[in-house]
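S.K.: Structure in structure tokens, see below.
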Amino acid sequence: MKILLVSALYAPNGVGGAERVVQSLAEAMVGAGHQVTVVSTAPQQGTCSDWVSGVKVYYVGLRNIYWPSWDKENPKVLKPLWHALDTYNIWMAREVAYILEIEEPDLMHTNTLGGFSTIIWQVAKQRGLPLVHTIHDYYLLCPRGIMFRNGENCKTQCPECRLYGLLRRRFSNLVDVVVGVSRFSLERHLEFGYFATTPNKSVLFNSYEVGAAAPSSDTQYTRFLPIRFGYLGRLLPLKGLEELLESVRRLPEGSWSLDVAGRGYATYERYLQAKYTTSAIRFLGFVEPKAFFRQIDVLVVPSVWHDPLPTVIIEACAHGVPVIGSSRGGIPELIEEQNTGFLFDPDHAGDLRAKMQRYIDEPAMIDNMRSACLKKAEDFLTENLLEQYLNLYDAAR
């Protein structure tokens, strides 16, 4: 089968969970004998192609007024214009149409769409292509992709989002198969009238494989205080970092340490590092996940927004690391309470601290949960996700 995958970012430009999942899926498809092409945006001008681990990748220079960045603040005054162009970007659609003409795939599977706009669905359908879309974020509902504003999750679409979403909702009915990476993310879109006539609606969790570095399930460790808590991800307010940092500072001194790995806007990083100066908290910057998980006992995912499905929880399972996660978005769908970790309510003051205290009081739980985490990780093997997607491709065709 000839498959064309669309992802807003792809290696080496993309380092987020969605991008890693798309890359893993693309390489697994090639390994299974399928011909795979990826189309992605890039910061340079023009369109070029390259090969990445056996996958042909087209890097399409973004035709918009600036290249969006997670490392620095984007120009606020230009954001409305950027999002307006991203609602119906005919220049990017022409590039995708040209690639479709060259590659002649059997099917198009879109993932993150920022930079391309949903007009490429119309381009695919004009060529009679079966169309599969995976929901990784809230791009279709909200131009910022998060449905989170002024410290709160949006219960409805604001007028701005409804305006940007008019064409996106209309074009969503062109999709033959829609996949939510969590039940929450899929139902959130259906709630607002998206994919109303799409015949096949499915939920497939993301995949992750740690490989040879994974610990065996019978590995045992002697636990001594301090318990090594960890956070891995982007440093953003909606990730709940300040709630985590405030909670951990209220734990008994000497019983804990916290490693914070990841990058964010420079101003926010400096603010956090200036406010939380205890030696028990280390800000590590970018760290390879395999190295990070070897140096922590428990991962904390304190998101205050409705995170669709944080892949970092799956990564933790693959390394045998239990997780404390907030009861937001798709997070409860990944954590087996008291088996692979605990859930806490961000609206309940002290709940996160109480869950962290349980590991301090009963450090043996970490070893007890290790085998359950490794067992849970088997649900997220790429080979399983590949088989499920190939079945959906057949359904779409």
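The values are calculated or read from the model by the stated rules, or taken from the named source; none is laboratory data. Please read these numbers as outputs of a predicted model, since none were measured by experiment. Here Cβ is always computed from backbone atoms with ideal geometry, including for glycine, and neighbour counts include all displayed protein chains.
S.K.: Would you please name the residue that is nearest to Lys125 (Cα to Cα), looking only at residues in region 81-91 that are touching a helix residue (DSSP H, G or I) at 6+ places or on another chain (Cβ under 7 Å) and crowded, with 18+ Cβ neighbours inside 10 Å?
M.R.: Taking the candidates together, the pick is Asn89.
S.K.: What do you reckon, is Ser303 touching a helix residue (DSSP H, G or I) at 6+ places or on another chain (Cβ under 6 Å) and either among the polar types (S, T, N, Q) or not assigned by TED's automatic domain parsing to the domain that holds Lys239 (or both)?
M.R.: Numbers: touching a helix residue (DSSP H, G or I) at 6+ places or on another chain (Cβ under 6 Å): yes; either among the polar types (S, T, N, Q) or not assigned by TED's automatic domain parsing to the domain that holds Lys239 (or both): yes.
Against the criterion (touching a helix residue (DSSP H, G or I) at 6+ places or on another chain (Cβ under 6 Å) and either among the polar types (S, T, N, Q) or not assigned by TED's automatic domain parsing to the domain that holds Lys239 (or both)), Ser303 qualifies.
S.K.: I would also like to ask the following. Quick one: Ala372 ticks every box in (1) in contact (Cβ under 8 Å) with a residue 12 or more places away in the chain; (2) closer than 30 Å to Asp176 by Cα; (3) out of contact with any helix residue (DSSP H, G or I) (no Cβ under 6 Å at 6 or more places or on another chain) except a single one, so which number is it?
M.R.: Only one criterion is unmet by Ala372, namely (2).
S.K.: Pick out, from region 220-333, the helices (runs of 4 or more DSSP H) lying fully within it that include 1 or more residues that are among the basic types (Lys, Arg), over 18 Å from the mean Cα position of the chain (by Cα) and surrounded by fewer than 17 Cβ atoms within 10 Å (Cβ to Cβ). Even if it seems obvious, please write down each step before you answer.
M.R.: On the way: elements: 241-249, 266-275, 289-294, 311-318.
By residue number, 241-249, 266-275, 289-294.
S.K.: Can you tell me which residue is modelled with the lowest pLDDT among those in region 349-389 that are surrounded by fewer than 16 Cβ atoms within 10 Å (Cβ to Cβ), hydrophobic (A, V, I, L, M, F, W, C) and assigned to a helix (DSSP H, G or I)?
M.R.: Of everything passing the filter in region 349-389, Ala364 is modelled with the lowest pLDDT.
S.K.: In addition: Only residues in region 332-359 that are in the same structural domain as Ser371 (by TED's automatic domain parsing) count as the first member; pair them with residues that are part of a loop (DSSP other than H, G, I, E, B) and among the acidic types (Asp, Glu), Cβ under 9 angstrom, at least 6 apart or cross-chain, and list the lot.
M.R.: Asp351/Asp345; Leu352/Asp345; Tyr359/Asp297
S.K.: In region 7-18, what count of residues is obtained for those that are surrounded by fewer than 20 Cβ atoms within 10 Å (Cβ to Cβ) and either more than 30 Å from Leu235 (Cα to Cα) or not aliphatic (A, V, I, L, M) (or both)?
M.R.: Residues flagged as surrounded by fewer than 20 Cβ atoms within 10 Å (Cβ to Cβ) and either more than 30 Å from Leu235 (Cα to Cα) or not aliphatic (A, V, I, L, M) (or both) within region 7-18 amount to 4.
S.K.: Further question on the same structure: Would you say Ala97 is more than 14 Å from Leu9 (Cα to Cα) and surrounded by 14 or more Cβ atoms within 10 Å (Cβ to Cβ)?
M.R.: Numbers: more than 14 Å from Leu9 (Cα to Cα): yes; surrounded by 14 or more Cβ atoms within 10 Å (Cβ to Cβ): yes.
Answer is yes for this residue.
S.K.: A further question follows. Provide a single number: the residues in region 175-191 that are surrounded by fewer than 19 Cβ atoms within 10 Å (Cβ to Cβ) and either part of a loop (DSSP other than H, G, I, E, B) or aromatic (Phe, Trp, Tyr) (or both). Explain how you work it out, then say what you get.
M.R.: The first filter runs over region 175-191 and keeps only residues surrounded by fewer than 19 Cβ atoms within 10 Å (Cβ to Cβ), leaving 183, 187, 190-191.
Those still in the list that are either part of a loop (DSSP other than H, G, I, E, B) or aromatic (Phe, Trp, Tyr) (or both) too: none.
Adding up the residues that qualify gives 0.
S.K.: Do any residues in region 32-45 that are in contact (Cβ under 8 Å) with a residue 60 or more places away in the chain have Cβ atoms under 6 Å from those of residues that are in a loop (DSSP other than H, G, I, E, B) and of a type in the set (D, E, K, R), where the two are at least six apart or on different chains, and which pairs are they?
M.R.: none
S.K.: Kindly establish whether Trp67 is within 22 Å of the chain's Cα centre (by Cα), assigned by TED's automatic domain parsing to the domain that holds Asp106 and at pLDDT below 95.
M.R.: Criteria met by Trp67.
S.K.: Quick one: in region 119-174, of everything that is farther than 30 Å from Pro346 by Cα and in contact with a Lys or Arg (Cβ under 6 Å, 6 or more places away or on another chain), which residue is surrounded by the most Cβ atoms within 10 Å (Cβ to Cβ)?
M.R.: Per the stated criteria, the residue is Pro130.
S.K.: Please pick out the residue among Ile314, Ile324 that is touching a helix residue (DSSP H, G or I) at 6+ places or on another chain (Cβ under 6 Å) and within 19 Å of Ala18 (Cβ to Cβ). First the steps, then the outcome.
M.R.: On the way: Ile324 fails: within 19 Å of Ala18 (Cβ to Cβ).
Going through Ile314, Ile324 in turn, just one is touching a helix residue (DSSP H, G or I) at 6+ places or on another chain (Cβ under 6 Å) and within 19 Å of Ala18 (Cβ to Cβ): Ile314.
S.K.: Here is a follow-up. Among (1) in contact with a Gly (Cβ under 8 Å, 6 or more places away or on another chain); (2) under 27 Å from Pro308 (Cα atoms); (3) of a type outside the set (A, V, I, L, M), there is one condition Gln44 misses while meeting the rest; what is its number?
M.R.: Every listed condition holds for Gln44 apart from (2).
S.K.: Just to be sure before I move on: is Pro346 buried (at least 19 other Cβ atoms within 10 Å of the Cβ) and touching a helix residue (DSSP H, G or I) at 6+ places or on another chain (Cβ under 9 Å) in the structure I sent? Give the steps one after another, and end with the answer.
M.R.: Working: buried (at least 19 other Cβ atoms within 10 Å of the Cβ): no; touching a helix residue (DSSP H, G or I) at 6+ places or on another chain (Cβ under 9 Å): yes.
For Pro346, the condition - buried (at least 19 other Cβ atoms within 10 Å of the Cβ) and touching a helix residue (DSSP H, G or I) at 6+ places or on another chain (Cβ under 9 Å) - is not met.
S.K.: Here is a further query. Consider only pairs whose beta carbons are under 7 Å apart and that are at least six residues apart or on different chains; among these, list those whose first residue lies in region 135-159 and is at positive phi and whose second residue is buried (at least 20 other Cβ atoms within 10 Å of the Cβ) and among the charged types (D, E, K, R).
M.R.: So the pair list comes out as Gly145/Asp137.
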